[in-house]
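Take a look at the structure below.
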Amino acid sequence: MTATDRAEFDEFMASRWPQLVRLAFGLTGDRWLAEDLAQTALASAYAAWWRVRRADDPDAYVRKILINASSRRFRRHRVTELPLEPPGPRHPAEAAQVMADPVAADPAAGIGERSDLLAALAELPPRQRAAIVLRYWEDLTDSQAAAILGCSPATVRSQVSRALAKLRTSAVLADPGPRPGGKEGAR
């Protein structure tokens, strides 16, 4: 890569980073994983920079790389760690101490609707999640989303329709529990 190409890529990368992280966050719901996916997409774009810059829409090209990287993440076999013992006190004296300690308010409780939405999105299949994020999070047209997903605009519309139907019936979004600030069921 020449110095001119490197400078061009550096400018492209700096200007696209926030958008790519936002897209990846919509796909994963995890900020750190989103940054990893954005970095992976930009590393792939760097390796094929000559092809990316010649594309009709370099942004769409890199978004497609990111979505493919996210999809590959689901295909990998994951090993999860499970605790051998349930958490909690082991002796009666420890149990009394735990019961005497005041319960601290959960700082995550204030996140509310955003966390619920991300949890509901995480329940969707990867292709439906990608269609929803591209259409409503990235505000792309059906045609633009279809180009990125490698399908027809009609397929994008059907994936979005199915995803919205699942979101409407999501138990996470339907829970009318109390909200911070005294608002119940305000969603």
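The values are calculated or read from the model by the stated rules, or taken from the named source; none is laboratory data. Note that the coordinates shown come from a computational prediction; the quantities given were computed from them, not determined experimentally. Heads up: the accessible areas ignore ligands, DNA and RNA and are worked out on the full protein's heavy atoms, side chains in. Shrake-Rupley method; radii C 1.70, N 1.55, O 1.52, S 1.80 Å.
Once the 1.4 Å probe is applied to the protein heavy atoms, segment 1-56 comes out at 60 Å² accessible per residue. Projected onto planes of every orientation and averaged, the convex hull of the alpha-carbon atoms in segment 130-170 covers 2.5 nm². Taking amide H as placed 1.01 Å from N in the peptide plane, LEU140 has its amide H under 5 Å from the amide H of ARG135, each at least 5 places away in sequence or on another chain.
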